[in-house]
Amino acid sequence: MKKKLFLLTLSLFLLAGCGKVPKLKNGEEAVITFKNGDKISADELYSTLKKDYALEATINIIDKKILEDEFKKDIKDAEKYADSTIKSMKETYGSDEELLSAIQYYTNYSTIEAYKNYIYINYLENKAAEVYVKEEVDEKDVKNYYENVYFGDVSINHILITPDVKSNASTDEIKKAEENAKKKAEEVISKLDKAKKEGKDIKETFSTLAKEYSDDDATKKSGGALGFINLNSLDSKYDELVNSAIKLKDGEYSKDVITTSLGYHVILKVEQKKKDSLEKAEDSIRTILSKEVLSTDQTIIIKAMQSYRKKYGVNIVDSDISSQYSRYMNAALNQKTNTNN
């Protein structure tokens, strides 16, 4: 049964203890009748819903309350993200009716609003997971990373060439477009080589070439300047540029084309700062170290929410639902752990 909003409303009555079914104010009143005089009372309906559906509704209510209290500053961003996601989906499917049909087919949600609420909660859950993982990073790992891996921010200029691929392109057409884009990036490197031999200012030449060649509209007018960045400063797609830049000297450009999911890049390392003290760098390092955990450990959100429920002193008084919750957590963690392995 997919009526989640209905179930969430009913779950507000989950206030009983010791596994007993609570008496509702209208518990004996019929919610369903038969022509022979039989009836299904509110208590009977509640008892069935409690057994089969109450756990999920209970967890949803608990977590929403915790997340909205713990991450107040992120609520507006979560709402905007949910709204924009639904808006994008509506544009993709063409109408509310088509989107609703897809949601009902592919998920357990029966309304667009219920699915949007799921997106909203999931956004906040990911925030909770990020904070949880950062706090769990071992101090020794932070110190080891700082001493052996961490480096100062790097000022990078880049020229991005993206393959001109049509939405309905064949495999051969995609391959051809990628080859052409890479050749174009190699052409940029050849022009930089020529400018260097002629004794021209490389930064100035790079800036001119960025305006002419780069497909990054956000940076091309400023000579491809990304500013001072480090690993995890921008989208992870740019991390490869940072890793390539630290191998260069200040003022050097990449001799080989750098490939990322964005396309093909040529970079100029403008300047590299000395690395910050461990105290200043710790938060950034924790973010970097937690990044891999977030992308590989499927149990993180479950563990994070379990931790926050403990922090908030959540106590499921009803023994039946409490037992369901314990079995659910054990099964979820075991299943996710097996997935990780």
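The values are calculated or read from the model by the stated rules, or taken from the named source; none is laboratory data. Note that the structure is a prediction, hence the values are computed from the model and not measured. Cβ atoms come from the backbone with ideal geometry, glycine included; neighbour counts cover every protein chain shown.
Inspect segment 312-331 for any residue being of a type in the set (Val, Ile, Thr), over 29 Å from the mean Cα position of the chain (by Cα) and surrounded by 17 or more Cβ atoms within 10 Å (Cβ to Cβ) and give the result as yes or no. Please lay out each step first, then the result.
Our first condition is that a residue be of a type in the set (Val, Ile, Thr); within segment 312-331, this holds for 314, 316-317, 321.
Then keep just the ones that are over 29 Å from the mean Cα position of the chain (by Cα); that gives 316-317, 321.
Among the residues that remain, those that are also surrounded by 17 or more Cβ atoms within 10 Å (Cβ to Cβ) are: 316, 321.
Yes, some residue in segment 312-331 is of a type in the set (Val, Ile, Thr), over 29 Å from the mean Cα position of the chain (by Cα) and surrounded by 17 or more Cβ atoms within 10 Å (Cβ to Cβ).
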Can you pull out the helices (runs of 4 or more DSSP H) entirely within segment 1-94 that have at least 3 residues that are under 30 Å from Tyr120 (Cα atoms) and modelled with pLDDT of 85 or more?
54-70, 75-93
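Listed here are the residues, each with its yes/no results for (1) part of a helix (DSSP H, G or I); (2) loosely packed, with under 14 Cβ neighbours inside 10 Å; (3) not small (Gly, Ala, Ser).
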| residue | (1), (2), (3) |
| --- | --- |
| Val165 | no, no, yes |
| Lys176 | yes, no, yes |
| Asp193 | yes, yes, yes |
| Asp216 | no, no, yes |
| Gly227 | no, no, no |
| Val242 | yes, no, yes |
Is at least one residue of segment 249-267 farther than 17 Å from Glu130 by Cα, free of Cβ contacts under 8 Å to residues at least 60 places away in the same chain and outside the structural domain of Asp164 (by TED's automatic domain parsing)?
no
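Looking only at segment 126-174, filter to residues that are of a type in the set (D, E, K, R) and within 30 Å of Ser254 (Cα to Cα); which one of those is nearest to the chain's Cα centre (by Cα)? Write out each step before concluding.
Just the residues of segment 126-174 that are of a type in the set (D, E, K, R), to begin with: 127, 130, 134-136, 138-141, 143, 147, 153, 164, 166, 172-173.
Subset that is within 30 Å of Ser254 (Cα to Cα): 147, 153, 164, 166, 172-173.
Numbers: Glu147: 29, Asp153: 24, Asp164: 28, Lys166: 28, Asp172: 33, Glu173: 32 Å.
Ranking the qualifying residues of segment 126-174, first place goes to Asp153.
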Taking segment 104-127 as the search range and keeping residues that are hydrophobic (A, V, I, L, M, F, W, C) and under 14 Å from Asp77 (Cα atoms), which one is surrounded by the most Cβ atoms within 10 Å (Cβ to Cβ)?
Leu124
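State which residue is nearest to Ser233 (Cα to Cα) when the search covers only segment 144-163 and only residues that are in contact (Cβ under 8 Å) with a residue 60 or more places away in the chain and assigned to a loop (DSSP other than H, G, I, E, B). Give the derivation first.
Looking only at segment 144-163, we keep the residues that are in contact (Cβ under 8 Å) with a residue 60 or more places away in the chain, and these are 145-146, 150-163.
From what's left, assigned to a loop (DSSP other than H, G, I, E, B): 150-153, 162-163.
On the way: Tyr150: 13, Phe151: 13, Gly152: 12, Asp153: 9, Thr162: 22, Pro163: 25 Å.
By that ranking, first place goes to Asp153.
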Taking segment 244-283 and keeping only residues that are crowded, with 17+ Cβ neighbours inside 10 Å, closer than 14 Å to Phe151 by Cβ and either under 26 Å from the mean Cα position of the chain (by Cα) or small (Gly, Ala, Ser) (or both), one is left with Ser244, Ala245, Ala281
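State yes or no: is Asp256 under 23 Å from Thr205 (Cβ atoms) and not in a strand (DSSP E or B)?
Numbers: under 23 Å from Thr205 (Cβ atoms): yes; not in a strand (DSSP E or B): yes.
Here the answer is yes, as Asp256 does meet what is asked.
Where in segment 259-341 are there helices (runs of 4 or more DSSP H), lying fully within it, with 2 or more residues that are more than 28 Å from Lys64 (Cα to Cα) and not hydrophobic (A, V, I, L, M, F, W, C)?
On the way: elements: 278-296, 300-311, 319-340.
Result: 278-296.
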